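Derivation of every value follows stated rules applied to the coordinates shown; laboratory data play no part. The model shown is predicted, which means the values in this text are computed figures rather than measured ones. Neighbour counts run over all protein chains shown; Cβ positions are idealised from the backbone, glycine included.
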Amino acid sequence: MSRPGPPDRPGRTGRPGRTAWRGWLVWLVWLAPVGVNAVLGLVGVVPCFFLWYFLSDYPLHDLGLTAREPTENDGIGVVAFLLLLVGGWFLAVWLLSNVPVRKGTPARSLPTRRYWATSSAVSCAPTLVVVLWAAVNRL
């Protein structure tokens, strides 16, 4: 019984069908990060709302770009506290869920910049959908 010789091209193992399986693996590698970040993006709508509420009521109002909420009389402290609490919680959960996904799945073979950029974009997608839906319904 003889052993197969070295592969004739890079990426070939000498076994038929092996390269086709690698093409599917590339798509499967993205499945875990995209799934985790899509679910986190649904939760991420709340911190984005608090961020917009804070920005529109305080710094953007002071610049004359937005109108302040007429019933807002609690001051900046309550809104800033809620923003830091909810935003900090979301950022911690996002990081603590993405680091194990990055290290524990085949996603570690992906380029670092591409992984984090894709994770951020997928996490922001549900918020963008909500904002666009509200804008379209307003027309």
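How large, in Å, is the stretch 51-117 by the Kirkwood hydrodynamic radius built from its alpha-carbon pairs? Before the final figure, lay out the partial values.
Numbers: mean 1/r = 0.0682 Å⁻¹.
Across the stretch 51-117, the inverse of the average 1/r is 14.7 Å.
Packing, taken as the mean count of other beta carbons within 10 Å per residue, orders the peptides 46-57, 71-82 from highest to lowest as 46-57, 71-82. For residue 66, the amide hydrogen comes within under 5 Å of the amide hydrogens of 61, counting only partners 5 or more places away or on other chains and with H modelled in the peptide plane.
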